[in-house]
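Q: My questions all concern the structure below.
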Amino acid sequence: MDYLHGTDHSPTMTLRLYESDPYLREFTATVLSTDGNWVTLDRTAFYPGGGGQERDRGTIDGLPVTGLKGKTEMAHQVPGHGFSVGQSVIGRIDWEGRYGLMRAHTGEHLLFSCLSRHTEMELVKISLTRERKVLVVKGQLDWDMIREAVLEVNGVIAQGSPVSCEYLDREQMSEGGPRAKLDRITDQKVRVVRIGEHDQAACAGVHLRDAQEIGMLLVNKFTSARPAGDWEIEFLVGPEAVSAAVEHSVRALMLAERLGSLPQDSLTAYDNRDKELLRCREALKVYGRQALASIPSQQVNGIQVLSGTFPGLDRKMLMERAAELASGPRTLVALLSQDERAFLVLARSEDLELDCASLLNLVLRPHGGKGGGKPNFASGGTPGPIKGEDLLEEIIRMVEKGL
Ligand SMILES: [Zn+2]
């Protein structure tokens, strides 16, 4: 929605053809003036962008239009043009991109009004580009409201609803009437866009003739945004919405199958798994602490070596325990945890000369692993699983050799 542009035309202005005919793809115009790469025309079908919708792309006499600016006289940036004042030119809009944006823009009107019926909401920002369609709103929103609103929008689309425009005096814009931010509108006349009985809003943008042409609207992202209380709603329209809906539903069905639940129960099934995972982690911590309490020790070359492998154990627990154990006299600690990768911690007492970081890299390197740390404490891992016992034996052999 663009509340900024007015409707009053004077003969020196660029006539905005898209306001009366948003389906115009090609037009002839006369060059009013040029300034470097910028060309001002007497009429144009190029929508300069506004209300969050990006500008049109296209060509003038076959040359790409790379920018649009100006409120009353619209200048078109056409690098390398050789146009002269009074010359007649042909403009062509990149129709595929524009039509997609008209679908998104009309869809955004409907989505906003349907959401507003469920909750008190304030529009923060709209961003409609070829790549991404986003609405940012402030209010109390949840997935249930999104579901209801999207169903309502698609109901309107399926039934069809004509889109019309009229110009109202500012004074006619009353509370409970068309949505408008009057503080942002400077003109006396306000362009109001209606989608049947479903929505009315002040807007200077380009819309479809009928909501049916949207094809389908799908919200494909709904997340909280900054500042707190803001929500970002990303949506798709037309064929993109259809493919995403099919893709999402197939994935949801596959996921339910993996969870061993019915699709409608998959969220509960997931939550149950999540709780089970938390319980397992807690249990692992308890058993891990027990296992770490008694670590086998042996005397090697006058050094007390404490070592052990602990499958699946939390790395932080392993490191904390290694540091504790290394406080004894002439002690070296080598603790290893294993899952899809191996993780090794080496720690020694201050009265030893041995460099833990070098020793760690020496034993991990043949397995494609590496690590880092200080002479008295180092940790690192391997990219894949290894035989943990072999690695610890290798460390013992190194200590025997006096490394
Ligand atoms: Zn609009």
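The values are calculated or read from the model by the stated rules, or taken from the named source; none is laboratory data. Everything quoted here is computed from the prediction, not taken from an experiment. As a convention, Cβ positions derive from the backbone with ideal geometry for all residues, glycine included, and neighbour counts pool all protein chains shown.
Q: Applying the selection to the range 56-73, what residues are in a loop (DSSP other than H, G, I, E, B) and at pLDDT 95 or above?
A: Those that are in a loop (DSSP other than H, G, I, E, B) and at pLDDT 95 or above: 56, 57, 61, 62, 65, 66.
Quick grid of which residues meet (1) crowded, with 20+ Cβ neighbours inside 10 Å; (2) away from the ligand (no atom under 16 Å from the Cβ); (3) not small (Gly, Ala, Ser):
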| position | (1), (2), (3) |
| --- | --- |
| 194 | no, no, yes |
| 197 | no, yes, yes |
| 207 | yes, no, yes |
| 211 | yes, no, no |
| 220 | no, yes, yes |
| 223 | no, yes, yes |
| 226 | no, yes, yes |
| 231 | yes, yes, yes |
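Q: Related question: Scan the range 39-55 for residues that are under 35 Å from the mean Cα position of the chain (by Cα), over 18 Å from residue 209 (Cβ atoms) and either modelled with pLDDT of 95 or more or assigned to a loop (DSSP other than H, G, I, E, B) (or both) and report the count.
A: Residues that pass the stated criteria total 8.
Q: Have a look at 279, 258 and point out the one that is among the basic types (Lys, Arg) and under 29 Å from residue 217 (Cα atoms).
A: Testing whether each residue is among the basic types (Lys, Arg) and under 29 Å from residue 217 (Cα atoms) leaves just 258.
Q: Related question: So, in the range 208-230, exactly how many residues are assigned to a loop (DSSP other than H, G, I, E, B) and modelled with pLDDT of 95 or more?
A: Taking the range 208-230 and keeping what is assigned to a loop (DSSP other than H, G, I, E, B), we get 208-209, 215-216, 226-229.
Right, trim to modelled with pLDDT of 95 or more and you get 208-209, 215-216.
Number satisfying all stated conditions: 4.
Q: What about residue 72, is it touching a residue at least 60 places away in the same chain (Cβ under 8 Å), over 29 Å from residue 135 (Cα atoms), away from the ligand (no atom under 16 Å from the Cβ) and exposed (fewer than 15 other Cβ atoms within 10 Å of the Cβ)?
A: The answer is no for residue 72.
Q: While we're looking at this one, here's another question. Going by what's in this entry, would residue 378 be described as crowded, with 21+ Cβ neighbours inside 10 Å and within 28 Å of residue 282 (Cβ to Cβ)?
A: Here the answer is no, as residue 378 does not meet what is asked.
Q: Report, by residue number, each residue of the range 132-149 that is under 21 Å from residue 215 (Cα atoms) and surrounded by 21 or more Cβ atoms within 10 Å (Cβ to Cβ).
A: Selection gives 133, 135, 149.
Q: Which residue, of 89, 163, 150, is in contact with a helix residue (DSSP H, G or I) (Cβ under 8 Å, 6 or more places away or on another chain) and under 23 Å from residue 56 (Cβ atoms)?
A: Checking each option against the conditions leaves just 163.
Q: Given (1) more than 14 Å from residue 104 (Cα to Cα); (2) among the acidic types (Asp, Glu); (3) at pLDDT 95 or above, where does residue 199 come up short, assuming only one miss?
A: (3)
Q: Also, I was wondering about something else. Looking at 89, 124, 134 in this structure, which one is within 23 Å of residue 23 (Cα to Cα) and among the β-branched types (Val, Ile, Thr)?
A: Only one candidate passes the filter, namely 89.
Q: If I filter the range 162-177 for residues that are in a loop (DSSP other than H, G, I, E, B), exposed (fewer than 14 other Cβ atoms within 10 Å of the Cβ) and on the phi > 0 side of the Ramachandran plot, do I get at least one hit?
A: Checked the range 162-177: at least one residue is in a loop (DSSP other than H, G, I, E, B), exposed (fewer than 14 other Cβ atoms within 10 Å of the Cβ) and on the phi > 0 side of the Ramachandran plot.
Q: With 180, 252, 211, 204 as the choices, which residue is out of contact with any helix residue (DSSP H, G or I) (no Cβ under 8 Å at 6 or more places or on another chain), assigned by TED's automatic domain parsing to the domain that holds residue 139 and among the aliphatic types (A, V, I, L, M)?
A: 180
Q: Tally time: how many residues in the range 312-362 are within 36 Å of the chain's Cα centre (by Cα) and of a type in the set (Asp, Glu)?
A: Qualifying residue count for the region: 3.
Q: Right, something else. For residues in the range 74-119 being in a loop (DSSP other than H, G, I, E, B) and of a type in the set (Ser, Thr, Tyr), which is modelled with the highest pLDDT?
A: Out of the qualifying residues, it is 84.
Q: For the range 99-113, enumerate the residues that are away from the ligand (no atom under 11 Å from the Cβ) and under 18 Å from residue 202 (Cβ atoms).
A: Passing the criteria: 111, 113.
Q: Oh, and also: Given the conditions (1) free of Cβ contacts under 8 Å to residues at least 60 places away in the same chain; (2) assigned by TED's automatic domain parsing to the domain that holds residue 121; (3) surrounded by 15 or more Cβ atoms within 10 Å (Cβ to Cβ); (4) more than 16 Å from the ligand (Cβ to nearest atom), and given that residue 266 satisfies all but one, which numbered condition is not satisfied?
A: Going through the list (1) free of Cβ contacts under 8 Å to residues at least 60 places away in the same chain; (2) assigned by TED's automatic domain parsing to the domain that holds residue 121; (3) surrounded by 15 or more Cβ atoms within 10 Å (Cβ to Cβ); (4) more than 16 Å from the ligand (Cβ to nearest atom), residue 266 breaks only (2).
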